[in-house]
1. Note the full-extension length gain between C:THR125 and C:ASP157 as 0.36 nm times their separation in residues minus their Cα-Cα distance, in nm to one decimal.
2. Taking beta carbons within 10 Å but only from partner chains, what does the mean come to for residues D:1-12?
3. Give me the distance between the Cα centres of region C:186-210 and region B:177-209, rounded to whole Å.
4. Just the accessible area per residue of chain A, please: how many Å² with a 1.4 Å probe?
5. So, by mean Cβ neighbours within 10 angstrom, what's the order for A:130-140, A:50-60 with the highest one leading?
6. Could you order peptides A:25-38, C:151-164 by the average number of other Cβ atoms within 10 Å of their residues, highest first?
7. What average count of beta carbons from other chains do you get within 10 Å of the Cβ of residues in C:203-213?
8. Rounded to the nearest 5, what % of the DSSP beta bridges within chain C are antiparallel ones?
There are 4 protein chains.
Amino acid sequence: MYSFKNDYSEGAHPKILKALIDSNLEQEDGYGEDRFSQIAVELIKKRLGRTDVDVHLLAGGTQTNLTAISAFLRPHEAAIAASSGHIYTHETGAIEATGHKVLAIDTEDGKLTPALILKVLDYHTDEHMVKPKLVYISNSTEIGTIYRKGELQELSDFCHEHNLILYMDGARLGSALCSEENDLGLSELAELVDAFYIGGTKNGALLGEALVICRDSLKEDFRFHIKQKGGMLAKGRILGIQFLELFRENLFFELADHANKMAGLLTAEFCKMNVRFLTQSTTNQIFPILSNSVIKELQKTYGFHIWEKIDPDHSAIRLVTSWATKEEAIREFIEDIKKY
Amino acid sequence: MYSFKNDYSEGAHPKILKALIDSNLEQEDGYGEDRFSQIAVELIKKRLGRTDVDVHLLAGGTQTNLTAISAFLRPHEAAIAASSGHIYTHETGAIEATGHKVLAIDTEDGKLTPALILKVLDYHTDEHMVKPKLVYISNSTEIGTIYRKGELQELSDFCHEHNLILYMDGARLGSALCSEENDLGLSELAELVDAFYIGGTKNGALLGEALVICRDSLKEDFRFHIKQKGGMLAKGRILGIQFLELFRENLFFELADHANKMAGLLTAEFCKMNVRFLTQSTTNQIFPILSNSVIKELQKTYGFHIWEKIDPDHSAIRLVTSWATKEEAIREFIEDIKKY
Amino acid sequence: MYSFKNDYSEGAHPKILKALIDSNLEQEDGYGEDRFSQIAVELIKKRLGRTDVDVHLLAGGTQTNLTAISAFLRPHEAAIAASSGHIYTHETGAIEATGHKVLAIDTEDGKLTPALILKVLDYHTDEHMVKPKLVYISNSTEIGTIYRKGELQELSDFCHEHNLILYMDGARLGSALCSEENDLGLSELAELVDAFYIGGTKNGALLGEALVICRDSLKEDFRFHIKQKGGMLAKGRILGIQFLELFRENLFFELADHANKMAGLLTAEFCKMNVRFLTQSTTNQIFPILSNSVIKELQKTYGFHIWEKIDPDHSAIRLVTSWATKEEAIREFIEDIKKY
Amino acid sequence: MYSFKNDYSEGAHPKILKALIDSNLEQEDGYGEDRFSQIAVELIKKRLGRTDVDVHLLAGGTQTNLTAISAFLRPHEAAIAASSGHIYTHETGAIEATGHKVLAIDTEDGKLTPALILKVLDYHTDEHMVKPKLVYISNSTEIGTIYRKGELQELSDFCHEHNLILYMDGARLGSALCSEENDLGLSELAELVDAFYIGGTKNGALLGEALVICRDSLKEDFRFHIKQKGGMLAKGRILGIQFLELFRENLFFELADHANKMAGLLTAEFCKMNVRFLTQSTTNQIFPILSNSVIKELQKTYGFHIWEKIDPDHSAIRLVTSWATKEEAIREFIEDIKKY
């Protein structure tokens, strides 16, 4: 049984494990004040070409989202998200649990646009309603699509014009930036969004996300919020060591690139077979639409999620590749699917 | 510079790292539903001699405390803690951030007693005040003391009589259970408290705490709370693998025992030198009272926290040992201190 | 300028004011423990034919909703509401501010049905999503429609079958119960829902809502929640006196009946003029669809809200009548509208 | 049985009731946007000699405290209060329920000083603890004492120097300002504190507190918070009408003055009898220390609270006078007490 269920089925990339082992007995301060974390933060800043951003290492994605969003908003302010957005559907009301409404917008492709956001703003006119304040986007999105530079520029301009905070969930940012249709540089992100995170968990780390706060007014006292929400690891070094390794050279991008390539092989093959897709993805999550009988056969040998019923006879499934996906596994899957 | 600052200065015990490496490329389900976590949970239950408890693996101590306490209480209910309790002073208001007051009691030794708790109950008489509902204790306490079985039995009886939830923060439970004055078995804990956690982070793991919920009424839907509060790791396997290793044989106790022994060496030596202590600790945190001039000298070569001013010329310092503390380091420290 | 903007444009019914004056200098205990409140509670219980319900008097509707819903739910549980529901759109995220997501369902007529709720339940399958637990309905709804007995019975059966709490916002319960199409008795309500409130503010009181808790498991410690959320008035007597007057004889129903009759006069007249309505209302809020030019003329002499654009030339307006609406004002309005 | 239990035993001053009646049938906008509220706000601003403050009318004291404090603070920030402070002991954890810790300081006289606050600041050094940010004081205090101008000036200077928000709970502000030892003008308050409220409920209104926000940075979007926390009355007019009447001429001060005078009569008489007091109060709450046998006798004819045991034979009782206290009742009480 080979799993395409997600991009966190395995542990960490061997280089990361090695870094953990090599540093294991060095004594370090706790709570992210170790040297490794400090170096990792510097490496990320360097990669962004910005010395004036704040970078914090947190344990997981939901943790990062809820800590950042609750720190950035006042009690009456709300987040806007696509209705497919992770904070809206798959975080057990984590944002609401910190007191904030999430206003959801239905989208075709999991992406927000100024026009979609404007409707929400227009609807919220007075103090009897929440005040929309933060725009939450994911890149890549939960359905594999990405924001191109021009789209993000438009969103950025719109948000700043309307005094909104633009926040990007980058759980799969590596995959987005390594997509063949991507034209956005990591260093450009810090210019366009007010805060974002660089996902480690889904790109080869054991755990860890690097939150980058670009807008000055959002930086103050942020470590208080990490601690209060339970996200400050005593051995913060394990986050530092991993991000150091990911950004020491190019590991972060190499791993994401591999994941995308593996998904690309699958996509190419499905296209040859005239299989349609639920979404147009060039990242590491793809959603082919297959007949239920084929799906049933595949389930005998492969692990994956059935995403959505399309018609009585067809469903979209989700196949996720990762840094750890072996090309042979892809080849075998393709061979198998040809049989049905 | 050798650090006695805390018990999380190094990474993980080599056996734990090895277990992470050995399992690294096995594919597993996420979010704690992997085989390793399931086995770890079973091992812990077995060690407790109880199949009817629920065990959840979480990333850190503050995370565990805030998730459990907010899940267990209704909005108007409060926790009672010693004023030295971790949730009262060192978690940035994490419990209050979930909506609950923490009622603090000053104590001599960091430990709560029925008499101390009764005063709080007597004071809270009606709906204009919060309703005290959960008793939070730490074992070992934040100042190194431990609860003996009889003391815990009395607390347990009192809590159940007064319909209070008894919750134990076990960040340093290993050290408590391995203390030479301890007469409490891990398996007895589940009979005496309603919930507690077994600390991994401060006893040789990279991260991780195992929350044990003993009272049936507290179990329902607990995974929702873990997810909502951001504590559910995508690669939950890394918690499972570590606790599996800690409880596969006796590693958990061996590591705690070592930490205690190292502290014991220091304590014995200080006693010979007629050094007084702030608290009577038989665990891995000791608080000798030294002259400020000696402290100043020690700071040149050793890392530790100055805990409390005693008089203009003396202060108590905190020395913490761990699974990783080397006996040579202890010997050297003792030699050094003799010089001053 | 005569206002049809809402049913709280005037003060209180003269009988209520008189009761306030007559009792003014009697000394009473505070916080709802006065004799008037106690009598009012007994009168309401009597009217419900139930001695086993708890009745609490609170200051306002949003206050009542947020206090009740946050008291009834655990942190991971969510409320389900129509997307037109007051808690979803017009309470500034008050429910979310207590930590709970509100799951909204689009409806034709502002009313929930088992089929609509079932879809929400089916979608929420595991701990990565909130757990739907409370069904919030309004009667009459925010768009003037009402629940008939059979509909409420079905909802009630469904909720109990699925272990959901059924909660009714009765800000305009008087108007619903006095509607000509209503077949539901106040006494039957307590059998069908788990909690509901009887709205005073919008039916002749200066302020005040009477929350009725029918399900035993929801009753415990409720006064703590009222106090904690700021809804316990020091001079709770003013709520008691008003509800006593509303339920001493039949004032509550007489006032609602008058409001409905006034709306009925308008409705009948609009029908004669072949004016269409946005919703089918037999209560004190009606939503005729008028041409924008007519609306413009009416705005010169009357106050009302424009509710929704229908097409480039037409809009639905909201006309609200109350216990204080004078029949002459209705007659004049009808004369005026005939002119355009 | 005559009650000295509190200053909210009766309804409203007759002038206030009359104003409610006179305006009863005028149609007004809801939610505090009525003309009465607007005039009341202007009158208060005029009395403060400040056009640049924001004034909001809310229903009650706990409501005002929790709305203001949660609006003013970020999630990791805490309030500092005397341990006798209302928010710390008698609001059922209302502030904590909005997510904020209240740091309590034991005091002799219920009053905070720079030295007391400094200790709290010094103790809170890093992100593992909450950040003290708002200083909560009550004037008069919960035990009848008041802040003199010089004391408040020192607090004000200290708070601004340390970037703290100074907030005054004025539930009994009238009594404080009318105390014979008072040297503080209402108009000076707005210079010295960042926000405060003028209590109506305990000074002759049916209900209502006027919150004054002086510091610009605290003003933004405040009405959102009132609505979200449930404190925005649909018939906001009833708050406006009452404050209009209280500040149209001098009713607010006349009523407070009367209450103080009545307490003064009691105090003078107790002094003649060499009765000691628990606190030195020149306001409308006094705390004479009486023998338990005398207390027992008094309880037969008078209502009051026993505040604190002093020794096995004596207790302090609390006697509260109000705008409604009749001089004859005081005279009778004095005669009665002389008997025992």
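The values are calculated or read from the model by the stated rules, or taken from the named source; none is laboratory data. What you see is a predicted model, and the numbers here were worked out from it, not measured in a lab. Glycine gets a Cβ as well: all are built from the backbone with ideal geometry, and neighbour counts include every protein chain shown. Accessible surface areas use protein heavy atoms only, side chains included; no ligands, DNA or RNA. Shrake-Rupley method; radii C 1.70, N 1.55, O 1.52, S 1.80 Å.
1. Numbers: separation 32, 0.36 × 32 = 11.52 nm, distance 2.14 nm.
Roughly 9.4 nm would be gained on extension.
2. Values: counts 1, 1, 3, 1, 4, 6, 2, 10, 10, 8, 13, 5.
Neighbouring Cβ atoms belonging to other protein chains average 5 per residue here.
3. 51
4. Values: 11940 Å² over 340 residues.
Heavy-atom SASA per residue in chain A reads 35 Å².
5. Values: A:130-140: 24.9, A:50-60: 20.5.
Packing order, densest peptide first, comes out as A:130-140, A:50-60.
6. Working: A:25-38: 19.0, C:151-164: 16.7.
Per-residue Cβ counts within 10 Å, averaged per peptide and sorted highest first, yield A:25-38, C:151-164.
7. Details: counts 0, 0, 1, 9, 9, 0, 0, 0, 0, 0, 0.
Per-residue shielding by partner chains comes out at 2.
8. Working: 21 of 39 bridges.
Given both bridge residues lie in chain C, the antiparallel proportion sits at roughly 55 percent.
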